[in-house]
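The structure appears below as structure tokens.
The values are calculated or read from the model by the stated rules, or taken from the named source; none is laboratory data. Nothing here was measured: the structure is a model prediction, and the numbers come from that model. Cβ placement follows ideal geometry from the backbone for every residue including glycine, while neighbour counts extend to all protein chains displayed.
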């Protein structure tokens, strides 16, 4: 869901599996604490990392010890973090339509926190100016706002009003421009002073889901919902690379390496890829090999096919829910909803009276989770055909039963 590179070149990843990964060549250290998908990571320094996600919380991690602590929460998921240049403040973008400002103490705790309100819908992205005096925010409401950070009670000014939600935001006040990516596929650059459009790199692919900028080379990268990555030379304001980087699914995360020579990307695959920017069009797309959860549908029995399509990304069939977005389905039948001990449920399922059976699972997918259990974290989806629901139920009954030793 996100990639960050530290000042010394270390890579951190935020994932749908509830974990933060710290990467050293081909090895990973997992930072575990979030109880839902992790959406964003940001290095505060070479030794301190911030992360936030669908559990509405922001964590701070000591990279020396690997230990972390929850320091603040929103009332909805957090999708972006920005570090103020002084290293003492974090801004958070949340779908509760607010921006959090967290002042860090020397011990890494967060004793001072405030909320900025002004957007009419969820906030998708935040970014500070180079001097740290202005905070920019982008929202589902289609606006980009500028906040005067030095004011005790910052009041925002709308600097972009777009017809579609704005997902991504890059600030380059040294060169006097702002770049943004929107749900209509728009990738645009505007002048920060005049607010006039400098360039439009929209390529009829939607939505824009990830952006990254390397100030040394002037390269701006944008990833979209159709798996393409576009690289723009902002010195000449022209596209230099545009290729389908993912064979399957969208590009959710982009970051340049410390020296700007490589571009890192992630998406629905459980892998982060890195391409040399100079030759990236000559390299194979992501997922060059067949992945285990992308088997050919015709090779699977119908019940297994339904599970792979609807359930497998979020749930395991074996014991333990660690590093998954949903609870384990092990011993599902006869279990009361909301009772797996290593998973944090939405308030809707805490104390639920639902007991999982063929009948309740059938109703869940017949009506859709959003109607059967309003307020659940489970994505909105249905299985329309009765035969498909029956086959899924038979598959789950067989696969989730306790196995004999």
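Quick notes
- Among the residues making up region 230-259, those that are out of contact with any helix residue (DSSP H, G or I) (no Cβ under 7 Å at 6 or more places or on another chain), part of a strand (DSSP E or B) and more than 21 Å from residue 21 (Cβ to Cβ) are 230, 232, 233, 238, 239, 240, 242, 244.
- Candidates 199, 210, 146, filtered to the one that is modelled with pLDDT of 95 or more, under 19 Å from the mean Cα position of the chain (by Cα) and either assigned to a strand (DSSP E or B) or surrounded by fewer than 22 Cβ atoms within 10 Å (Cβ to Cβ) (or both): 210
- Listed conditions (1) over 21 Å from residue 270 (Cα atoms); (2) surrounded by fewer than 23 Cβ atoms within 10 Å (Cβ to Cβ) are all met by residue 61, apart from (2).
- Of the candidates 157, 92, the single residue that is part of a strand (DSSP E or B), farther than 26 Å from residue 232 by Cα and within 22 Å of the chain's Cα centre (by Cα) is 92.
- Taken over region 57-75, the criterion of being farther than 16 Å from residue 126 by Cα and assigned to a loop (DSSP other than H, G, I, E, B) is satisfied by 63, 64, 65, 66, 67, 75.
- Condition met for residue 317 (surrounded by 15 or more Cβ atoms within 10 Å (Cβ to Cβ), under 23 Å from residue 269 (Cβ atoms) and without any contact (Cβ under 8 Å) to a residue 12 or more places away in the chain): no
- Filtered residues of region 22-52 (kept if assigned to a strand (DSSP E or B) and without any contact (Cβ under 8 Å) to a residue 40 or more places away in the chain): 24, 27, 28, 29, 31, 38, 51
- Of everything listed in (1) closer than 30 Å to residue 264 by Cα; (2) in a loop (DSSP other than H, G, I, E, B); (3) modelled with pLDDT of 80 or more, the single unmet condition for residue 308 is (2).
- Options 242, 191, 184; residue that is assigned by TED's automatic domain parsing to the domain that holds residue 122 and at pLDDT 95 or above: 191
- Scanning region 383-405 for residues that are touching a helix residue (DSSP H, G or I) at 6+ places or on another chain (Cβ under 6 Å) and either assigned by TED's automatic domain parsing to the domain that holds residue 55 or part of a loop (DSSP other than H, G, I, E, B) (or both) returns a single hit, 383.
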